[in-house]
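Encoded as structure tokens, the structure appears first; notes follow it.
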Amino acid sequence: MRVLVCVKRVPAPGAKINITADGMAVDTAFLGFTTSPHEECAVEEAVQLVERHGGEATVLTLGPAEADEQLRYAASLGVQKAVLLPTDGSDWDPQRTAKAITEAILGIEAAEGPFDIILFGNESADSGGFQVGVRVARALARPIINGIKGIEVGDGSVRARREAEAGMEVYTLPMPVVLGVKEGINLPRYPTLKGRLASKKVDVAQVAPGGEAGGQRLVTLAQAAEQASNTVILGKGPDAAAAVVDMLEELGLLK
Amino acid sequence: MNVLVIAEHDRGTLAPATLEALAAARPLGTVHVATLGDVADGLVEVLAAHGAAHVHQVHHPLLADYGPEAWGDAVAQLVWSLNPEVVLACGTDRGNEVLAHLAAITDLPFVANCLEIRPGDATWSITRVRWGGSLLEQCELSAGRKLASVAHHAFEASEAPVSASTAVFTPELDALVARTVVTERVERAAGVTLATSPVVVGGGRGVGSPEGFGPLEELAGLLGGVVGCSRAVTNNGWRNHTDQVGQTGTRIAPDLYFACGISGAIQHWVGAMASKKILAINTDAEANMVTKADYAVIGDLHQVIPAISAEIR
Ligand SMILES: Cc1cc2nc3c(=O)[nH]c(=O)nc-3n(C[C@H](O)[C@H](O)[C@H](O)COP(=O)(O)OP(=O)(O)OC[C@H]3O[C@@H](n4cnc5c(N)ncnc54)[C@H](O)[C@@H]3O)c2cc1C
Ligand SMILES: Nc1ncnc2c1ncn2[C@@H]1O[C@H](COP(=O)(O)O)[C@@H](O)[C@H]1O
């Protein structure tokens with residue numbers, strides 16, 4: 001089985017997300033980088049699929065040269081191959097991103113054979129466009145379902161589960177298939193020392209992304225307005241219990 | 001200007017978010033609504049009461065249950081026939097999915113989870129959500145047709161009655177799209193969920209272990225609430241991801257959220273900020289959760305929570 005997983009490098013902010021002076025980006029001066037938890041789970045799923053069914057997993061990202069870090073992290077968990085579509089690190093709109101990823105996939109498939117399963121995150125952590133996976137799947141004329149929290153591979157087909165308000169929906173899809181994965185589908189592993197060392201030796205293939213900007217252009221970012229809070233300290237330690245119960249009573253929450 | 005709103009429904013029952021999308025659509029122009037497949041009786045009246053001047057009832061055997069390819073193809077054909085300047089959907093899993101398909105079919109930009117839509121001549125200015133709600137993005141949208149989904153709670157549903165005309169639209173769907181139609185369902189057991197519970201008792205890394213959640217379960221039980229958790233907890237395998245509150249978990253909006261041993265990282269906060277009141281229990285008086293909460297108890301949750309339960313009893 002050949003599996004591809006697409007991830008996006010994003011900053012890992014803590015208590016607050018600060019914006020650069022020009023308002024165009026997250027200020028990453030003091031931040032580390034990561035991918036969306038959905039994508040971490042997609043990488044874990046790719047590794048597990050190959051462990052269960054044999055074959056090979058590839059990770060792909062479109063982003064700055066530094067996104068090498070996210071590719072090697074995936075490699076340290078067991079992904080065998082890595083592909084970087086290098087950009088100057090500026091914000092790429094979803095249409096353009098999807099076109100570049102589609103072209104890269106077609107190129108890889110022409111050289112190395114088709115992917116049976118292509119995994120995306122349900123949405124990217126930063127821009128959250130909810131569309132790159134769908135655009136790629138449509139361009140490849142393959143079926144796609146988003147929000148997937150369970151994948152079982154059968155004979156030429158895949159059973160995929162997603163949670164909806166009314167309960168669990170099950171889809172039965174023919175392979176080759178594209179799936180948008182949600183966090184919770186699995187519990188991602190941590191890299192082993194051996195995995196980390198092996199990841200340093202993985203060859204990162206580069207494919208120059210082309211394409212013109214789409215119709216959506218970022219103008220500026222701002223922090224969401226926050227109500228000023230005036231925290232009422234109800235007390236210290238277990239002695240505060242009586243004050244907490246008074247507050248519950250006041251809110252009408254005691255039965 | 002004609003605005004087409006895709007009504008979201010599950011096997012006929014309207015999703016309330018649709019009425020928010022109608023509220024977003026009304027200031028833009030004449031409101032058309034597409035309903036796909038069979039819907040409940042009286043739905044046209046509800047849509048008309050919220051300003052739908054034209055309801056397009058889209059029928060095809062392949063629309064009997066939800067399938068994103070079938071819905072995307074059917075909406076695309078309706079759009080080509082109707083030629084609306086704007087297509088809106090709800091900023092939900094399904095709404096975003098269907099608009100992404102429409103965008104892919106028509107090669108148009110699609111702006112997800114919009115808070116404000118300001119029409120212009122060639123380009124429109126839009127405010128949308130990033131990072132699950134912690135950042136606001138201003139963007140410019142240039143396209144022959146504008147596709148946008150409406151962020152949940154950004155527009156208030158309100159009545160604006162008109163009399164609605166109805167028309168049936170029958171798309172031509174390729175049998176192939178059956179591959180992405182729901183094949184099976186497992187219905188959820190009735191009862192409060194994390195998203196709807198009036199009280200949520202949330203635990204973070206400070207809880208320390210799966211067993212550490214026992215006293216949180218007990219307190220939640222006493223108050224008719226449910227237990228939630230942070231990603232540190234699910235990542236450690238202490239609880240299932242269905243309990244996770246936050247950007248990549250569930251958005252909660254209880255009357256009271258107990259945030260116990262949770263530092264208040266922004267990705268957790270965006271899932272909890274719609275709570276009416278928040279009580280933080282934390283050993284660290286400087287924790288972000290404590291400074292943002294309405295109430296706080298400074299102390300060890302392993303002592304404080306059992307004391308609260310005892311006091312309630
Ligand atoms: C893209 C992205 C999406 C994310 N999505 C989510 C999400 O959906 N939900 C989510 O929760 N996180 C999410 N995260 C992770 C988030 O950034 C934090 O890492 C996480 O919320 C931290 O969990 P925590 O507060 O339990 O742990 P910590 O940050 O480690 O905080 C533990 C807290 O417990 C307190 N404490 C310790 N012992 C005790 C005690 N005995 N009694 C009382 N207090 C004690 C400490 O003072 C501290 O404040 C996401 C991250 C990224 C990058
Ligand atoms: N720059 C990128 N490089 C690789 N994959 C991406 C990129 N941007 C988005 N994706 C993938 O597409 C999914 C959906 O992204 P989005 O449409 O931005 O919400 C993400 O979870 C990733 O799997």
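Every number in this text was worked out from the coordinates using simple rules, so none of it is lab data. Note that the structure is predicted; figures quoted are calculated from it, not measured. Here the Cβ is made from the backbone with ideal geometry for all residues, glycine too, and neighbour counts use every protein chain on show.
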Convex hull over the Cα atoms of segment B:138-270, averaged projected area in nm²? 14.5
As a percent rounded to 5, the proportion of antiparallel DSSP bridges among beta bridges in chain B is 25
Sorted from largest to smallest, which semi-axis lengths in Å does the alpha carbon gyration tensor of segment A:4-103 give for its equivalent ellipsoid, taking the root of 5 times each eigenvalue? 27, 16, 11
Which order results if A:Lys8, B:Lys146, A:Lys200 are arranged by neighbouring Cβ count within 10 Å, fewest first? A:Lys200, A:Lys8, B:Lys146
Cβ-placed point charges (K, R +1; D, E -1), dipole of chain A about Cα centre in debye, nearest 20: 620
Answer with one residue from A:Leu140, A:Val207, B:Gly228: the one whose Cα lies farthest towards the positive end of the charge dipole of the protein assembly as shown, charges on Cβ with Lys, Arg +1 and Asp, Glu -1. A:Val207
Roughly how many whole Å is it from the C-alpha centroid of segment A:163-198 to that of segment B:156-231? 20
Viscosity 1.002 mPa s, temperature 20 °C: Stokes-Einstein D of segment B:195-313 from its Kirkwood Cα radius, in µm² per second? 158
Whether segment B:1-114 is rounded, prolate or oblate, judged on the alpha carbon gyration tensor where a/c under 1.5 counts as rounded: rounded
So how strong a dipole does segment A:118-237 carry about its Cα centre when Lys and Arg Cβ are +1 and Asp and Glu Cβ are -1, to the nearest 20 debye? 480
What value does segment A:44-127 have for Rg/Rh, both radii from Cα atoms and Rh as Kirkwood defines it? 0.95
Compute the distance from the alpha-carbon center of segment A:208-255 to that of segment A:14-93, in whole Å. 28
Length gained, B:Arg185-B:Asp38, 0.36 nm per residue minus C-alpha separation, equals 51.1 nm
May I have the pair-distance distribution P(r) for chain B, computed from all Cα-Cα distances with 20 Å bins from 0 and rounded to whole percent? 30, 47, 22, 1
What is the distance in Å between the Cα centres of segment A:130-149 and segment B:44-101? 19
For segment A:38-174, give me the percentage of DSSP beta bridges that are antiparallel, rounded to the nearest 5 percent. 70
Any chance you could give the angle, 0 to 90 degrees and rounded to 10, that helix A:241-250 forms with the longest Cα principal axis of chain A? 90
Work from the charge dipole of the protein assembly as shown (Cβ charges, +1 for Lys and Arg, -1 for Asp and Glu, about the Cα centre) and give the residue of B:Leu88, B:Ala285, B:Val31 farthest towards its positive end. B:Ala285
Where only alpha carbons of chain A are counted, the Rg and the Dmax (Å): 21.5, 70
Loop-resident chymotrypsin sites (Phe, Trp or Tyr not before Pro) in segment B:26-129 with no more than 12 other Cβ atoms inside 10 Å, DSSP not H/G/I/E/B, are none
Mean shadow area of segment B:267-313 over all directions, Cα convex hull, nm²: 3.7
Treating the angle as unsigned and between 0 and 90°, give the value, to the nearest 10°, between the Cα long axis of helix B:68-82 and the longest Cα principal axis of chain B. 40
Assuming 0.36 nm per residue, please report the length gained on full extension of the stretch B:Glu286 to B:Glu311 beyond their Cα-Cα distance. 6.3 nm
Three principal axis lengths of the protein assembly as shown [C-alpha, angstrom, descending]: 68, 67, 50
Suppose R0 equals 51 Å. What FRET efficiency, 1/(1 + (r/R0)^6) with r the Cβ-Cβ distance, do A:Ala198 and B:Thr166 give to the nearest 0.05? 0.20
If each residue's Cβ is checked for other Cβ atoms within 10 Å, how do B:Ser275, A:Ser127, B:Ser309 rank with the fewest at the top? B:Ser309, B:Ser275, A:Ser127
Just going by the charge dipole of segment A:1-126, with Lys and Arg at +1 and Asp and Glu at -1 on Cβ, which of A:Gly32, A:Gln80, A:Ile101 is farthest out on the positive end? A:Gln80
Give me the Kirkwood hydrodynamic radius of segment A:87-237 in Å, from all C-alpha pairs, to one decimal place? 18.9
Cβ-placed point charges (K, R +1; D, E -1), dipole of the protein assembly as shown about Cα centre in debye, nearest 20: 800
For segment B:1-110, calculate the relative contact order in percent as a whole number, restricting contacts to Cα pairs under 8 Å that are 6 or more residues apart. 32
Antiparallel versus total DSSP beta bridges in the protein assembly as shown: what percent is that, nearest 5? 35
How about segment A:1-104: which chymotrypsin sites (Phe, Trp or Tyr not before Pro) there lie in a loop by DSSP and see at most 14 other Cβ atoms within 10 Å? A:Phe30
